[in-house]
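Enquirer: The structure follows.
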Amino acid sequence: GAIYAREYGWDSGFEALVARIVADYVDQHDPRAEAAWIAEIDGERVGSVFCVRGSDERTAKLRLLLVEPGARGYGLGRRLVEECVAFARAHGYTAMELWTNDVLTAARHIYAKTGFRLVESEPHHSFGHDLVGETWRLKL
């Protein structure tokens, strides 16, 4: 939440959303169908991503891709997304979806390079700003 507050001016609503996503993962985690990765550099946590069950049993959802500002440029975001996609494929999912906002250009670039396609966009007001939410999908 602090990173997005600094970089995009987002309010505490974003931090609350992240907390809910992580709490749901902890409370409902199914290790046969879901996983999370934490990237480290020299023992310091610098990034993360989650793969969770999506809207149906054949669709995985990529959640919470984050790379700390000081760790950007090393390909960690790409690697985290690739690990997440590989896990989804290996666990029988046939598609993967994610939701993001159009201002998150670096993440959107990673998604596009990985093969995700933008399937829906919709304006919304969240985190103290007018934003455009996007749903991306990848056939596995």
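Enquirer: Give the carbon-plus-sulfur fraction of the accessible surface of the chain in %, rounded to a whole number; probe 1.4 Å, heavy atoms of protein chains only.
Expert: Carbon and sulfur atoms account for 49 percent of the accessible area of the chain.
Enquirer: At 7 Å along the Cα-to-beta-carbon direction for both A19 and V103, put a label point, then send me their distance in nm to one decimal.
Expert: 2.1
Enquirer: May I pose another question? Translational diffusion coefficient of the chain at 37 °C, 0.692 mPa s, Stokes-Einstein with Kirkwood Rh over Cα pairs, in µm²/s as a whole number.
Expert: It diffuses with D of about 211 µm²/s by this estimate.
Enquirer: In whole Hz and in residue order, list the ³J(HN,Hα) couplings for segment 80-93 that follow from phi through the Karplus curve 6.51 cos²θ - 1.76 cosθ + 1.60, θ = phi - 60°; x for Gly and Pro.
Expert: 4, 5, 4, 5, 4, 5, 4, 4, 4, 4, 5, 9, x, 6
Enquirer: What accessible area per residue, rounded to a whole number of Å², is obtained for the chain using a probe radius of 1.4 Å?
Expert: 59
Enquirer: Put +1 on the Cβ of every Lys and Arg and -1 on every Asp and Glu Cβ in segment 1-139; which of V26, T100, S12 then has its Cα farthest towards the positive end of the dipole?
Expert: Checking the options against the dipole of segment 1-139, the answer is T100.
Enquirer: A follow-up question, please. Using a simple spin-label model with points 7 Å from Cα along the Cα→Cβ vector, what separation in nm is obtained for I38 and H91?
Expert: In this crude spin-label approximation the distance works out to 1.8 nm.
Enquirer: Given C-alpha coordinates of segment 100-139, what is the ratio Rg to Rh with the Kirkwood estimate of Rh?
Expert: Ratio value, two decimals: 1.00.
Enquirer: How big is the Cα convex hull of segment 35-75 in projection, averaged over all directions, in nm²?
Expert: Convex hull of Cα atoms, orientation-averaged projection: 3.3 nm².
The values are calculated or read from the model by the stated rules, or taken from the named source; none is laboratory data. The structure presented is a predicted model; accordingly, all values stated were derived computationally and were not measured. Positions of Cβ are backbone-derived with ideal geometry, glycine not excepted, and every protein chain shown enters the neighbour counts. Only protein heavy atoms, including side chains, enter the accessible area calculation; ligands, DNA and RNA are left aside. Shrake-Rupley method; radii C 1.70, N 1.55, O 1.52, S 1.80 Å.
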